[in-house]
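Participant: Got a structure for you, questions after.
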Amino acid sequence: MSGYNGPGNYGAPQQGPYGQPDPYGQQGPYGQQPGPYGQPGPYGQQPGPYGGGPGGYGPYGGGRPPRIGAALGIGLAVALVGGGIYAFMISESDDSFYGWMAIIIGIAIGGAVGKFGGRHAALPVLALVLTGAAVYLAQYFGIAMMVSDLYHVDVSEVIDKFDVTEAWKNAMEEDGNGVMFGIGVVLSGVVAKVVGDRS
């Protein structure tokens, strides 16, 4: 004979899955009953959408989802503008390479990629690549334009007949330009990560 079966149904046998008696007569861990399909599980936590943790978006946690396409588009735009300005500065100088511009371009690209892309492991790498390409091409074409103005020939002719790459290598060895190039590239990835994590 079972115990009291009043309002609380104390003493009633526990039911297992599909109406079968629970062989142990126990509930879930710590007295919790994990509910299906988004109901609170053990410890009262709510599962996030798409199988992620609380807050959602899989491994990225809370906040908005990453937008790699937007980061790529904005990053390219900043790289083109910054690189164009840098190339013009080099072309208008006599011998100055303005190596510090690599750091400024790196910070600008990293900030733009992180701000518009959000939090994603690929975005700091994207910022590194964009910064390296933008700074190198700006320096390369800046040298070509400078030689073009000096000898009054077309840039295309300079690229064909003048060893711009060798001139670039020599410039990297002077006034810490190579070091600043490296700092700018690395800093772009760091800035993209920090800004992306806070977005």
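All of the numbers you see were taken from the coordinates with simple rules; none came from a lab. Being a predicted model, the structure only gives us computed values, none of them experimental. In this analysis, Cβ positions are derived from the backbone assuming ideal geometry, glycine residues included, and neighbour counts consider all displayed protein chains.
Participant: Find how much the distance from residue 165 to residue 88 grows on full extension, using 0.36 nm per residue of separation minus their present alpha carbon separation; answer in nm with one decimal.
Facilitator: Taking 0.36 nm per residue and subtracting the Cα distance, the gain is 25.9 nm.
Participant: Here is a further query. Taking 0.36 nm per intervening residue step and subtracting the Cα-Cα distance, what contour gain separates residue 67 from residue 183 on full extension?
Facilitator: Between residue 67 and residue 183, full extension yields 39.2 nm more.
Participant: Tell me, what ³J(HN,Hα) does each residue in the stretch 108-115 have, in order and in whole Hz, if you take phi through Karplus 6.51 cos²θ - 1.76 cosθ + 1.60 with θ = phi - 60° and put x for Gly and Pro?
Facilitator: 5, 5, x, x, 5, 5, x, 5
Participant: Expected output is a single nm value to one decimal: the length gained when fully extending between residue 150 and residue 95, i.e. 0.36 nm times separation in residues minus the C-alpha distance. What is it?
Facilitator: Additional length available on full extension: 18.6 nm.
Participant: Another question about this same structure. Grab the other residues whose beta carbon is less than 15 angstrom from that of residue 192, score K and R as +1, D and E as -1, and report the net.
Facilitator: So the surrounding residues net to +4.
Participant: How big is the dipole moment of the stretch 68-198 about its Cα centre under a simple scheme where the beta carbon of each Lys and Arg is +1, that of each Asp and Glu is -1, and everything else is neutral? Debye, nearest 20, please.
Facilitator: Computed charge dipole of the stretch 68-198: roughly 1060 debye.
Participant: May I pose another question? Once phi is turned into ³J(HN,Hα) by the Karplus curve 6.51 cos²θ - 1.76 cosθ + 1.60 with θ = phi - 60°, what whole-Hz value does each residue of the stretch 157-168 show in order, with x for glycine and proline?
Facilitator: 5, 4, 5, 6, 10, 10, 7, 5, 4, 5, 5, 5
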